[in-house]
Structure formats: structure tokens, C-alpha cells
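Below: one structure, written as C-alpha cells.
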Amino acid sequence: MIWRREDAEPEHAEAPRVPAPPERKDKDMAENDEVTIVGTGARLEGNVISAGNLRIDGQVKGQINADGDVVLSPQSQVEADIRSQNVSVAGRFKGNILVKGKAHLARGGRIDGNITSKTLVVEEGGIFHGQSNMDAGAGSGSPSTQAAQQSSGAAAKEGEEKKPDQVKV
């Protein structure tokens, strides 16, 4: 016996209705713990903007702005400036980090650059080469942050040049 679709369904049958997915707004994305992932084989150059959390397994060069947290996995290679809520670095990072909360350098991770955060955690085996500024007003661009950075630059020995990669808020 051969079964035919026309025989099984009456001609006047209505197709089932599938409700449309609800519209998503950028502010909802961060609240829903959505994560944008840059995969292992991916290489991005330019500005990366995420309304939620961002995980990088590949290579990124440019600027990273996230409303949520940024996680750099052990195989990541990033050369950028990061602005986010929190950041965790387990791979190789070169640039400046400006976070409102915690900056975390995991075992095996490397940061070459400056960090401005409320809290800094460096695990044993993590390599940090740069300056850190832990300030309760981190990420807000407060005058106290700017003053602290200017005074740290003025504290350099005479005759030494000021490094051009200092964090400016």
C-alpha cells in the first residue's frame, strides 16, 4: 500500500499556526544572560559591541564594549581595549581594561596593559605586565580616577618617558 499525503489530509485543512517569536530588545539581552561567542577559528578586526556577555575563544583586534561580562578563554588572543562590567582573562591579552566591577587574571593568562577596576584578582601562574588602578568609581570616568592616573604618571623618574598606553578615562 502506498500512502499519499493528499489522501491523509483534507484539502481544506488549515496549516498549523506557529506563534511569532517575541521581539527582543538590547536591554533584555543582558538581563537574559545571553552570551555572544567568538569561536576558536574566528578572527575579528574592528569594534565589537555586545548588549550582553561576550566570550572570546578566537582572535580579536580593535575595541570591545560589552554591557555584560567579557571572558577570554585560554586559547584566545586579543589585542584591544575592553570596557565592560567584569572581565576574566585566561588567554593572551594586550591592551587596556576598564571595568566597573572585577578584573580577573586566571592561571596561564597574560595581560600586557593597564587595568582600571574596583577589584583585581590575579591567580598564581597569571602574568600581568602593566599598571592597575583599583578605584571605587572605576568605569564611571570620575575625576578621582583621572587625577590618580595623572599623579602616577608624574611619579615616574625624571628622564623617563611616559608610556603611551596608559588608561585614559
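See the values below:
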{"quantity": "K61 accessible area, 1.4 Å probe, all protein chains in place, Å² to nearest 10", "calculated": "100"}
{"quantity": "Label-point separation in nm, I127 to Q75, each point 7 Å along Cα→Cβ", "calculated": "2.1"}
{"quantity": "Distance (nanometres) between label positions extended 7 Å along Cα→Cβ at M134 and K61", "calculated": "3.4"}
{"quantity": "Extended-chain gain in nm, criterion 0.36 nm per residue less alpha-carbon gap, K102 and V35", "calculated": "22.3 nm"}
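The values are calculated or read from the model by the stated rules, or taken from the named source; none is laboratory data. Computed from a predicted model, the values in this text were never measured in an experiment. So basically every Cβ, Gly included, is an ideal-geometry build from the backbone, and we count neighbours across all protein chains shown. Ligands, DNA and RNA are stripped out before the accessible areas are found, and what is left, the full protein with its side chains, is counted by its heavy atoms. Shrake-Rupley method; radii C 1.70, N 1.55, O 1.52, S 1.80 Å.
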